[in-house]
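The values are calculated or read from the model by the stated rules, or taken from the named source; none is laboratory data. Remember, predicted model here, so these are calculated numbers, not experimental data. Every residue, glycine among them, receives a Cβ derived from its backbone with ideal geometry; neighbour counts consider all protein chains shown. Note: areas computed on protein heavy atoms with side chains; ligands, DNA, RNA excluded. Shrake-Rupley method; radii C 1.70, N 1.55, O 1.52, S 1.80 Å.
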Amino acid sequence: NAGVTQTPKFRILKIGQSMTLQCTQDMNHNYMYWYRQDPGMGLKLIYYSVGAGITDKGEVPNGYNVSRSTTEDFPLRLELAAPSQTSVYFCASSLGEGPRNSPLHFGNGTRLTVT
Amino acid sequence: KNEVEQSPQNLTAQEGEFITINCSYSVGISALHWLQQHPGGGIVSLFMLSSGKKKHGRLIATINIQEKHSSLHITASHPRDSAVYICAVRSPGDDKIIFGKGTRLHILP
């Protein structure tokens, strides 16, 4: 199993450009998350999904959009990139909550710079 | 909303020392996670626990539900243990996971 795969690893965007960060998992996990990690700060939740067709906002959703058309894929869309979106982005997945609580699996991250 | 506090923020120790990293949270949880992040690297899950104690190699994680506190211990520390250690919690009925800011550990040879 590949686990959680994120692409690209690095990207430089100009202000106002758009891009999609891809995330796919092959573990049939229900829960998927997008986090951003800024220097010296904890991971902040952008969006999450508890299953195909269901998404919800996290702590810092402004400037981002997501979709979950399949269990495997959870792309993160940046529209009109701003310098404040310069960060490292991590996608993660887990089986579920409660009795289905399971370890978190992370992708390797995408380092995004907006200039 | 659950608040997660880790201490210390930074820790430098000599190889071989016993290491303790602490995590406190403010409201009840269904699970607590300990994660490891190497410099420039990805994030790896070390433990998930909801009660008691777990051990994996030189790593031990404990949790006290009544005191809302967890500790991560490293025995016989080694320079390769140098990393950021992150505590994260999920509250019952909440789909979100809240992360602490991490503890940066540096083990000197």
Exercise for review: Along Cα→Cβ, 7 Å out, is where each label goes; now give me the distance between the ones at A:Met41 and A:Asn108 in nm to one decimal.
Suggested key: 2.6 nm
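As a test of understanding, state the convex hull volume per residue of chain A from its alpha carbons, in Å³.
Convex hull volume per residue, Cα atoms: 96 Å³.
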Check your understanding: Along the Cα-to-C-beta direction of B:Glu15, a point sits 7 Å from the Cα; which residues of the range B:71-109 have their amide N less than 20 Å from that point?
Key -> B:74-84, B:105-109
Practice item. Using only protein heavy atoms and a 1.4 Å probe, report how much of B:Ile97 is accessible, in Å² to the nearest 10. Key: 0 Å²
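Using a 1.4 Å probe over the heavy atoms of the protein chains, calculate the carbon and sulfur portion of the accessible area of the range B:1-70 as a whole percent. Walk me through the intermediate numbers first.
Numbers: 1810 of 3740 Å².
Within the range B:1-70, the accessible surface is 48 percent carbon and sulfur.
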Revision key, fill the gap. With x for Gly and Pro, the residue-by-residue ³J(HN,Hα) of the range B:71-80, computed from phi through the Karplus equation 6.51 cos²θ - 1.76 cosθ + 1.60 at θ = phi - 60° and given in whole Hz, is 10, 10, 10, 10, 8, 6, 4, 9, x, 6
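How big is Rg to Rh over the protein assembly as shown, alpha-carbon atoms, Rh as the Kirkwood inverse-mean-distance radius?
Values: Rg = 17.5 Å, Rh = 18.0 Å.
Dividing the radius of gyration by the Kirkwood radius yields 0.97.
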Exercise for review: Obtain the nm distance between the two label points defined at A:Asn65 and B:Lys101 by a simple spin-label model: each point lies 7 Å from its Cα along the Cα-to-C-beta direction.
Suggested key: 3.5 nm
**Study point:** Label-reachable residues, the range A:73-90, where backbone N falls under 18 Å from a point 7 Å from A:Thr115's Cα toward its Cβ
**Key:** A:81-88
Check your understanding: Under 25 Å from the Cα of B:Lys1, which lysines turn up, not counting those fewer than eight places away in the same chain?
Key -> A:Lys44, A:Lys57, B:Lys68, B:Lys96, B:Lys101
Revision key, fill the gap. The ³J(HN,Hα) series, computed from each phi in the range B:9-26 with the Karplus coefficients 6.51, -1.76 and 1.60 at θ = phi - 60°, rounded to the nearest Hz and given as x for glycine or proline, is 6, 9, 8, 10, 9, 7, 3, x, 6, 8, 10, 10, 10, 10, 9, 10, 9, 9
Study note, to complete from the structure: With DSSP loop assignment and no more than 13 other C-beta atoms within 10 Å, the trypsin sites (Lys or Arg not before Pro) in the range A:11-105 are A:Lys14
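If you keep only loop residues by DSSP, which trypsin sites (Lys or Arg not before Pro) in the range B:30-109 have at most 15 other Cβ atoms within 10 Å of their Cβ? Before the final figure, lay out the partial values.
Values: sites: B:Lys53, B:Lys54, B:Lys55, B:Arg58, B:Lys68, B:Arg80, B:Arg90, B:Lys96, B:Lys101, B:Arg104; in loops: B:Arg58, B:Lys68, B:Lys96, B:Lys101.
Of the trypsin sites (Lys or Arg not before Pro), the ones in loops of the range B:30-109 whose Cβ has at most 15 other Cβ atoms within 10 Å are B:Arg58.
Could you sort B:Tyr85, A:Tyr47 by their accessible area in this structure, using a 1.4 Å probe and putting the largest first?
Details: B:Tyr85 0, A:Tyr47 25 Å².
From most exposed to least exposed: A:Tyr47, B:Tyr85.
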Practice item. Report A:Phe106's accessible area, 1.4 Å probe, all protein chains in place, as a number in Å² to the nearest 10. Key: 20 Å²
